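Below is one structure; the comments refer to it alone.
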Amino acid sequence: MAENKSISQNNSQLAEQGYWPSVALGHLNEGRFSKAVEICRERMPLEDEILSGRLIYALALYRAGQIELAVEQFYSVLAIEPENLTALKYLGDLKFEEGDEIAALASYQRIMEIDPLCEGLKADLKRSHTMKTRTIKLNRPAETTVKPQRKSNIDIPFFTETIGDLYMKQGYPRLASEVFDTLLAGSDNPRLMKKLDAAREKINEKEL
(Lines give C-alpha, C1' and ligand atoms only; values in the text may rest on other atoms or scores of the structure.)
Protein backbone atom coordinates (compact mmCIF):
# COMPACT_ATOMS: atom_id res chain seq x y z
CA MET A 1 0.00 0.00 0.00
CA ALA A 2 1.11 3.54 -0.63
CA GLU A 3 1.23 4.52 3.03
CA ASN A 4 3.53 1.60 3.81
CA LYS A 5 6.02 3.00 1.29
CA SER A 6 5.91 6.45 2.89
CA ILE A 7 6.60 5.36 6.46
CA SER A 8 9.48 3.46 8.07
CA GLN A 9 9.82 -0.21 7.16
CA ASN A 10 10.99 -0.98 10.70
CA ASN A 11 7.66 -0.10 12.26
CA SER A 12 7.36 -3.10 14.56
CA GLN A 13 10.78 -2.57 16.07
CA LEU A 14 10.17 1.15 16.55
CA ALA A 15 6.78 0.45 18.14
CA GLU A 16 8.44 -1.88 20.65
CA GLN A 17 10.77 0.96 21.53
CA GLY A 18 7.78 3.22 22.22
CA TYR A 19 8.02 5.47 19.14
CA TRP A 20 4.47 6.78 19.09
CA PRO A 21 3.97 7.16 15.30
CA SER A 22 4.88 3.48 14.92
CA VAL A 23 2.56 2.51 17.76
CA ALA A 24 -0.26 4.46 16.08
CA LEU A 25 0.55 2.89 12.71
CA GLY A 26 0.35 -0.56 14.26
CA HIS A 27 -3.18 0.17 15.44
CA LEU A 28 -4.04 1.64 12.04
CA ASN A 29 -2.82 -1.42 10.15
CA GLU A 30 -4.82 -3.70 12.44
CA GLY A 31 -8.05 -1.75 11.95
CA ARG A 32 -8.13 0.03 15.30
CA PHE A 33 -8.63 3.44 13.70
CA SER A 34 -10.08 5.22 16.73
CA LYS A 35 -7.14 4.12 18.85
CA ALA A 36 -4.68 5.38 16.24
CA VAL A 37 -6.51 8.74 16.15
CA GLU A 38 -6.44 8.92 19.95
CA ILE A 39 -2.68 8.32 20.14
CA CYS A 40 -1.96 10.92 17.46
CA ARG A 41 -4.16 13.53 19.11
CA GLU A 42 -2.42 13.01 22.42
CA ARG A 43 1.13 13.12 21.12
CA MET A 44 1.08 15.51 18.17
CA PRO A 45 0.73 18.71 20.25
CA LEU A 46 3.93 17.68 22.05
CA GLU A 47 5.89 16.59 18.96
CA ASP A 48 4.26 18.41 16.08
CA GLU A 49 7.42 18.32 13.96
CA ILE A 50 7.19 14.57 13.35
CA LEU A 51 5.80 14.41 9.81
CA SER A 52 5.17 10.66 9.87
CA GLY A 53 2.92 11.15 12.89
CA ARG A 54 0.83 13.74 11.07
CA LEU A 55 0.51 11.50 8.02
CA ILE A 56 -0.57 8.55 10.17
CA TYR A 57 -3.07 10.86 11.88
CA ALA A 58 -4.52 11.84 8.49
CA LEU A 59 -4.77 8.20 7.41
CA ALA A 60 -6.40 7.19 10.70
CA LEU A 61 -8.95 9.98 10.40
CA TYR A 62 -9.68 8.89 6.84
CA ARG A 63 -10.16 5.25 7.86
CA ALA A 64 -12.33 6.34 10.78
CA GLY A 65 -14.61 8.24 8.43
CA GLN A 66 -13.65 11.71 9.66
CA ILE A 67 -13.12 12.95 6.13
CA GLU A 68 -13.03 16.72 6.65
CA LEU A 69 -10.44 16.44 9.41
CA ALA A 70 -8.45 13.97 7.29
CA VAL A 71 -8.36 16.43 4.37
CA GLU A 72 -7.08 19.15 6.70
CA GLN A 73 -4.28 16.91 7.90
CA PHE A 74 -3.30 15.78 4.40
CA TYR A 75 -3.00 19.44 3.43
CA SER A 76 -0.93 20.03 6.58
CA VAL A 77 1.41 17.25 5.46
CA LEU A 78 1.78 18.91 2.05
CA ALA A 79 2.47 22.27 3.69
CA ILE A 80 5.53 20.64 5.29
CA GLU A 81 6.43 18.24 2.47
CA PRO A 82 4.84 19.36 -0.84
CA GLU A 83 5.97 16.19 -2.64
CA ASN A 84 4.44 13.67 -0.26
CA LEU A 85 2.94 11.09 -2.62
CA THR A 86 0.62 9.51 -0.06
CA ALA A 87 -1.02 12.81 0.85
CA LEU A 88 -1.40 13.73 -2.83
CA LYS A 89 -2.91 10.34 -3.68
CA TYR A 90 -5.50 10.42 -0.91
CA LEU A 91 -6.42 14.04 -1.59
CA GLY A 92 -6.88 13.18 -5.26
CA ASP A 93 -9.17 10.27 -4.42
CA LEU A 94 -11.16 12.30 -1.91
CA LYS A 95 -11.61 15.20 -4.30
CA PHE A 96 -12.77 12.81 -7.00
CA GLU A 97 -15.30 11.26 -4.62
CA GLU A 98 -16.59 14.78 -3.89
CA GLY A 99 -17.05 15.39 -7.62
CA ASP A 100 -14.21 17.89 -7.87
CA GLU A 101 -12.51 16.33 -10.89
CA ILE A 102 -10.26 19.31 -11.59
CA ALA A 103 -8.72 19.18 -8.10
CA ALA A 104 -8.43 15.39 -8.31
CA LEU A 105 -6.62 15.49 -11.63
CA ALA A 106 -4.33 18.23 -10.34
CA SER A 107 -3.25 15.91 -7.52
CA TYR A 108 -2.72 12.97 -9.89
CA GLN A 109 -0.77 15.12 -12.33
CA ARG A 110 1.43 16.39 -9.50
CA ILE A 111 2.14 12.79 -8.49
CA MET A 112 3.26 11.98 -12.02
CA GLU A 113 5.49 15.06 -12.13
CA ILE A 114 7.19 14.02 -8.89
CA ASP A 115 7.37 10.30 -9.57
CA PRO A 116 7.18 9.64 -13.34
CA LEU A 117 7.10 5.87 -12.87
CA CYS A 118 4.65 6.12 -9.96
CA GLU A 119 6.83 3.71 -7.98
CA GLY A 120 5.32 4.95 -4.71
CA LEU A 121 1.79 4.08 -5.81
CA LYS A 122 2.12 0.89 -7.83
CA ALA A 123 -0.04 -2.02 -6.80
CA ASP A 124 1.58 -5.45 -6.61
CA LEU A 125 0.09 -6.66 -9.88
CA LYS A 126 1.46 -9.05 -12.47
CA ARG A 127 0.97 -6.44 -15.16
CA SER A 128 2.29 -3.48 -13.21
CA HIS A 129 5.09 -3.08 -15.76
CA THR A 130 2.51 -1.77 -18.23
CA MET A 131 1.82 1.34 -16.16
CA LYS A 132 2.81 4.57 -17.90
CA THR A 133 2.73 8.08 -16.63
CA ARG A 134 1.52 11.00 -18.67
CA THR A 135 -0.90 13.69 -17.68
CA ILE A 136 -4.63 13.21 -18.01
CA LYS A 137 -6.49 16.14 -19.54
CA LEU A 138 -10.01 17.04 -18.54
CA ASN A 139 -12.66 17.77 -21.18
CA ARG A 140 -11.36 15.42 -23.87
CA PRO A 141 -14.01 14.47 -26.46
CA ALA A 142 -15.80 11.22 -25.79
CA GLU A 143 -14.11 8.04 -27.00
CA THR A 144 -15.00 7.40 -30.64
CA THR A 145 -16.11 4.08 -32.05
CA VAL A 146 -13.13 1.83 -32.72
CA LYS A 147 -12.49 -1.73 -33.79
CA PRO A 148 -12.28 -4.22 -30.88
CA GLN A 149 -8.53 -4.76 -31.23
CA ARG A 150 -7.57 -1.12 -31.57
CA LYS A 151 -5.45 0.30 -28.75
CA SER A 152 -6.09 3.73 -27.28
CA ASN A 153 -3.26 6.24 -27.58
CA ILE A 154 -3.97 7.52 -24.07
CA ASP A 155 -1.49 6.25 -21.49
CA ILE A 156 -2.88 5.06 -18.17
CA PRO A 157 -0.96 6.75 -15.33
CA PHE A 158 -1.50 4.16 -12.63
CA PHE A 159 -4.05 1.44 -12.04
CA THR A 160 -6.49 2.25 -9.24
CA GLU A 161 -10.25 1.91 -8.92
CA THR A 162 -10.56 5.70 -8.81
CA ILE A 163 -8.78 6.06 -12.15
CA GLY A 164 -11.15 3.46 -13.63
CA ASP A 165 -14.16 5.37 -12.30
CA LEU A 166 -12.76 8.58 -13.74
CA TYR A 167 -12.34 7.06 -17.21
CA MET A 168 -15.93 5.79 -17.13
CA LYS A 169 -17.25 9.20 -16.17
CA GLN A 170 -15.23 10.92 -18.89
CA GLY A 171 -16.49 8.54 -21.59
CA TYR A 172 -13.52 6.16 -21.91
CA PRO A 173 -15.02 2.71 -21.16
CA ARG A 174 -12.19 0.91 -22.98
CA LEU A 175 -9.57 2.48 -20.69
CA ALA A 176 -11.79 1.83 -17.68
CA SER A 177 -12.11 -1.80 -18.74
CA GLU A 178 -8.33 -2.16 -18.92
CA VAL A 179 -7.93 -0.68 -15.45
CA PHE A 180 -10.59 -2.88 -13.84
CA ASP A 181 -9.35 -5.97 -15.68
CA THR A 182 -5.82 -5.33 -14.41
CA LEU A 183 -6.99 -4.85 -10.83
CA LEU A 184 -8.99 -8.09 -11.02
CA ALA A 185 -5.85 -10.00 -12.04
CA GLY A 186 -5.01 -10.27 -8.35
CA SER A 187 -8.50 -10.51 -6.83
CA ASP A 188 -12.11 -11.55 -7.31
CA ASN A 189 -13.60 -8.34 -5.90
CA PRO A 190 -17.30 -8.38 -6.87
CA ARG A 191 -17.45 -4.57 -6.96
CA LEU A 192 -14.63 -4.43 -9.49
CA MET A 193 -16.21 -7.23 -11.51
CA LYS A 194 -19.46 -5.28 -11.68
CA LYS A 195 -17.60 -2.18 -12.87
CA LEU A 196 -15.70 -4.22 -15.46
CA ASP A 197 -18.97 -5.63 -16.79
CA ALA A 198 -20.42 -2.10 -16.98
CA ALA A 199 -17.37 -0.87 -18.90
CA ARG A 200 -17.57 -3.76 -21.36
CA GLU A 201 -21.28 -3.09 -21.86
CA LYS A 202 -20.50 0.53 -22.72
CA ILE A 203 -17.84 -0.60 -25.19
CA ASN A 204 -20.34 -2.89 -26.89
CA GLU A 205 -22.87 -0.06 -27.10
CA LYS A 206 -20.31 2.17 -28.82
CA GLU A 207 -19.40 -0.53 -31.33
CA LEU A 208 -22.95 -1.35 -32.39
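The values are calculated or read from the model by the stated rules, or taken from the named source; none is laboratory data. Keep in mind that what you see is a predicted model, and the values were worked out from it rather than measured. Virtual Cβ from ideal backbone geometry, glycine too; neighbours counted across all protein chains shown.
Values for this structure:
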read-out: Subset of segment 76-87 (residues that are in contact with a helix residue (DSSP H, G or I) (Cβ under 7 Å, 6 or more places away or on another chain) and free of Cβ contacts under 8 Å to residues at least 24 places away in the same chain); value: SER76, LEU78
read-out: Among residues of segment 18-33, those that are crowded, with 21+ Cβ neighbours inside 10 Å and at positive phi, counted; value: 0
read-out: Any chance GLU68 is modelled with pLDDT of 90 or more and loosely packed, with under 13 Cβ neighbours inside 10 Å; value: yes
read-out: Helices (runs of 4 or more DSSP H) wholly inside segment 18-74 that include at least 2 residues being of a type in the set (Phe, Trp, Tyr); value: 51-63
read-out: Wholly enclosed helices (runs of 4 or more DSSP H) of segment 77-173 bearing at least 2 residues at pLDDT 85 or above; value: 85-98, 101-114
read-out: Pick from segment 16-70, criterion in contact with a Cys (Cβ under 8 Å, 6 or more places away or on another chain) and among the aliphatic types (A, V, I, L, M), ranking: nearest to ALA87 (Cα to Cα); value: ILE56
